[in-house]
Amino acid sequence: MSNETRDTVFIGKKPLMAYVTSTLIQLANLPTVTIKARGLSIGRAVDVAQIIARKTENAGYTIGEIKIDSESLESQDGRTRNVSTIEIEVKRNTN
């Protein structure tokens, strides 16, 4: 298991708080966690980052770098589609 997969939370179709909990558990052990999503899950990824940054303000978590991109994927009918992606860095303040 590479280091990148351990400090990354991939957003899918689970309930929102499952990803918030998973990210907070990772942040307890690591200084930085990246939340990644693509397509229709991008909104959920933003919600996860906002909940962590706003609701746990006293715990000292902040949103760091945000990267947006797109990937070319082949759809089931064989055509190539562009799918938007986002990576949101959530950092633990070391004060």
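The numbers here are math on the coordinates, done by the rules we state, and not lab data. Just so it is clear, the structure is predicted and the values come from calculations on it, not from any experiment. Please note: Cβ atoms are built from the backbone with ideal geometry, for glycine as well, and neighbour counts cover all protein chains shown.
With respect to the numbered conditions (1) under 24 Å from P15 (Cβ atoms); (2) without any contact (Cβ under 8 Å) to a residue 12 or more places away in the chain, which one is the sole condition not fulfilled by S75?
Condition (1) is where S75 drops out.
Please go through the range 59-95 and give me each residue that is more than 22 Å from D7 (Cα to Cα), of a type outside the set (S, T, Y) and out of contact with any Gly (no Cβ under 7 Å at 6 or more places or on another chain), ordered by number.
Those that are more than 22 Å from D7 (Cα to Cα), of a type outside the set (S, T, Y) and out of contact with any Gly (no Cβ under 7 Å at 6 or more places or on another chain): L73, E74, Q76, D77, G78, R79, R81, N82.
Here is a list: I52, I25, I35. Which entry is touching a residue at least 40 places away in the same chain (Cβ under 8 Å) and aliphatic (A, V, I, L, M)?
I35
For the range 8-95, give me every one of the strands (runs of 3 or more DSSP E) that falls completely inside it and has 1 or more residues that are surrounded by fewer than 13 Cβ atoms within 10 Å (Cβ to Cβ) and among the hydroxyl-bearing types (S, T, Y).
61-74, 80-92
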